[in-house]
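J.: Can you keep this structure in mind? I'll have questions shortly.
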Amino acid sequence: MVIAERKPIEEIRAMLDGHKRVLLLGCQECVTVCMAGGSKEVALLASALRMVEPDKEFMESTVERQCEREYLEEARGAAEGCDLILSMGCGAGAGFASDIIEGIQVVPALNTKSIGVVDEPGSWVERCMACGECMLHLTGGLCPIALCSKSLLNGPCGGSQGGMCEVDQENVKCGWQLIHDRLKSLGREDLLEEIRPPKDWSAAHDGGPRRVVREDAMA
Ligand code: SF4
Ligand code: SF4
């Protein structure tokens with residue numbers, strides 16, 4: 001899932017300057033799960049803004065998914081008469097809302113953080129950086145791109161100490177130590193003996209915005 005968190009209210013208020021009628025637009029998918037932009041968070045932010053911005057009008061709507069055209073087209077009606085949309089979707093959703101709902105500026109209420117998982121209640125952690133060529137079969141299911149601070153393909157580096165990463169020895173576990181431990185527990189230490197060649201980063205974002213096309217799914 002995409003993990004996001006709400007921007008500080010003062011940053012959001014600064015984006016409202018000069019606007020009178022604002023639609024808060026939530027999304028029922030990932031940002032609902034990470035408790036950043038679902039209908040409940042839309043209602044909470046709208047209430048907070050009504051208190052601190054009494055001269056403005058705040059409308060509320062939450063669509064199924066902000067990353068899909070048909071749901072954003074439905075949101076057009078809710079946006080009628082508004083002069084600003086405060087998107088509570090991820091960056092992709094907010095950007096797509098700006099494409100589809102023409103003529104109304106869309107601003108982001110969230111900071112989009114990562115692709116990750118709910119590792120325990122109230123805690124979301126990054127697990128994938130969408131590199132375009134997954135290698136989890138070589139690393140015991142643990143992603144070296146996301147879990148190693150340097151995204152090393154062969155690790156650990158000399159900064160790994162006591163299972164912790166040199167970038168923050170208090171809080172950041174060494175991703176490669178985790179990979180070693182996992183492969184050992186799986187009896188696949190042989191995978192550590194192969195040197196991984198440099199990755200083709202053109203399959204990642206470095207090759208420009210990526211598109212996946214499935215002709216069998218096209219209308
Ligand atoms: S190897 Fe690439 S696709 Fe696989 S989990 Fe890591 S970043 Fe994501
Ligand atoms: S200490 Fe571990 S996680 Fe940190 S950069 Fe080195 S290999 Fe990566």
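The values are calculated or read from the model by the stated rules, or taken from the named source; none is laboratory data. It should be emphasised that the depicted structure is a prediction, and the values quoted were computed from it without experimental measurement. Cβ sites come from the backbone with ideal geometry, for glycine too, and all protein chains shown count toward neighbours.
J.: Could you check the stretch 126-144 and list, in sequence order, the residues that are within 16 Å of ligand 2 (Cβ to nearest atom) and either more than 22 Å from residue 180 (Cα to Cα) or touching a residue at least 40 places away in the same chain (Cβ under 8 Å) (or both)?
T.: 126, 129, 131, 135, 138, 139, 140, 142 - these are the residues of the stretch 126-144 that are within 16 Å of ligand 2 (Cβ to nearest atom) and either more than 22 Å from residue 180 (Cα to Cα) or touching a residue at least 40 places away in the same chain (Cβ under 8 Å) (or both).
J.: Can you tell me which residue among 178, 136, 192, 153 is farther than 20 Å from residue 3 by Cα and more than 26 Å from the chain's Cα centre (by Cα)?
T.: On the way: 178 fails: more than 26 Å from the chain's Cα centre (by Cα); 136 fails: more than 26 Å from the chain's Cα centre (by Cα); 153 fails: more than 26 Å from the chain's Cα centre (by Cα).
Going through 178, 136, 192, 153 in turn, the sole match is 192.
J.: Given the criterion more than 20 Å from residue 20 (Cβ to Cβ), in the same structural domain as residue 15 (by TED's automatic domain parsing) and β-branched (Val, Ile, Thr), identify the matching residue among 85, 100.
T.: On the way: 85 fails: more than 20 Å from residue 20 (Cβ to Cβ).
Going through 85, 100 in turn, just one is more than 20 Å from residue 20 (Cβ to Cβ), in the same structural domain as residue 15 (by TED's automatic domain parsing) and β-branched (Val, Ile, Thr): 100.
J.: Let me ask something else about it. Of (1) at pLDDT 95 or above; (2) surrounded by fewer than 22 Cβ atoms within 10 Å (Cβ to Cβ); (3) not hydrophobic (A, V, I, L, M, F, W, C), residue 74 satisfies all except one. Which?
T.: For residue 74, the failing item is (1).
J.: Return a yes/no flag: does the stretch 191-207 have any residue that is in a helix (DSSP H, G or I) and within 12 Å of ligand 2 (Cβ to nearest atom). Quick ask: steps written out before the conclusion?
T.: Narrowing the stretch 191-207 to residues in a helix (DSSP H, G or I): 191-193, 201-203, 205-207.
With within 12 Å of ligand 2 (Cβ to nearest atom) added as a condition, the list becomes none.
The answer is no; no qualifying residue exists.
J.: Here's a follow-up. Which residues, taken from the stretch 193-219, are over 19 Å from residue 149 (Cβ atoms) and of a type outside the set (D, E, K, R)?
T.: Of everything in the stretch 193-219, those that are over 19 Å from residue 149 (Cβ atoms) and of a type outside the set (D, E, K, R) turn out to be 195, 197, 202, 203, 207, 208, 209, 212, 213, 217, 218, 219.
J.: Just give me the residues in the stretch 17-32 being outside any loop (DSSP other than H, G, I, E, B) and either under 13 Å from residue 64 (Cα atoms) or at pLDDT below 95 (or both), in sequence order. Walk me through how you get there before you give the answer.
T.: So in the stretch 17-32, the residues outside any loop (DSSP other than H, G, I, E, B) come out as 21-27, 30-32.
The answer is 25, 26, 27, 30, 31, 32.
J.: Within the stretch 167-190, does at least one residue satisfy the condition of being away from ligand 2 (no atom under 13 Å from the Cβ), farther than 30 Å from residue 211 by Cβ and hydrophobic (A, V, I, L, M, F, W, C)?
T.: Among the residues of the stretch 167-190, at least one is away from ligand 2 (no atom under 13 Å from the Cβ), farther than 30 Å from residue 211 by Cβ and hydrophobic (A, V, I, L, M, F, W, C), which makes the answer yes.
J.: Scan the stretch 71-87 for residues that are part of a helix (DSSP H, G or I), among the acidic types (Asp, Glu) and over 9 Å from residue 101 (Cα atoms) and report the count. I'd like the intermediate steps shown before the answer.
T.: In the first step, residues of the stretch 71-87 are kept if they are part of a helix (DSSP H, G or I); the result is 71-79.
So of that shortlist, the ones also among the acidic types (Asp, Glu) come out as 73-74.
Going one step further and asking which of them are over 9 Å from residue 101 (Cα atoms), we end up with 74.
Total satisfying the criteria: 1.
J.: Cβ contacts < 7 Å: first residue more than 7 Å from ligand 2 (Cβ to nearest atom), restricted to the stretch 146-164; second residue acidic (Asp, Glu), any location; separation 6+ or different chain. Result?
T.: What qualifies is 146/126.
J.: Being surrounded by 14 or more Cβ atoms within 10 Å (Cβ to Cβ) and more than 30 Å from residue 219 (Cα to Cα) narrows it down to one of 51, 88, 59, so name that one. Even if it seems obvious, please write down each step before you answer.
T.: Values: 51 fails: surrounded by 14 or more Cβ atoms within 10 Å (Cβ to Cβ); 88 fails: more than 30 Å from residue 219 (Cα to Cα).
Answer to the selection: 59.
J.: Something else about it: Residue under question is residue 180, and the condition is that it be crowded, with 19+ Cβ neighbours inside 10 Å and either in a loop (DSSP other than H, G, I, E, B) or outside the structural domain of residue 8 (by TED's automatic domain parsing) (or both); does it hold? Lay out the reasoning, then the answer.
T.: Numbers: crowded, with 19+ Cβ neighbours inside 10 Å: yes; either in a loop (DSSP other than H, G, I, E, B) or outside the structural domain of residue 8 (by TED's automatic domain parsing) (or both): yes.
It is true that residue 180 is crowded, with 19+ Cβ neighbours inside 10 Å and either in a loop (DSSP other than H, G, I, E, B) or outside the structural domain of residue 8 (by TED's automatic domain parsing) (or both).
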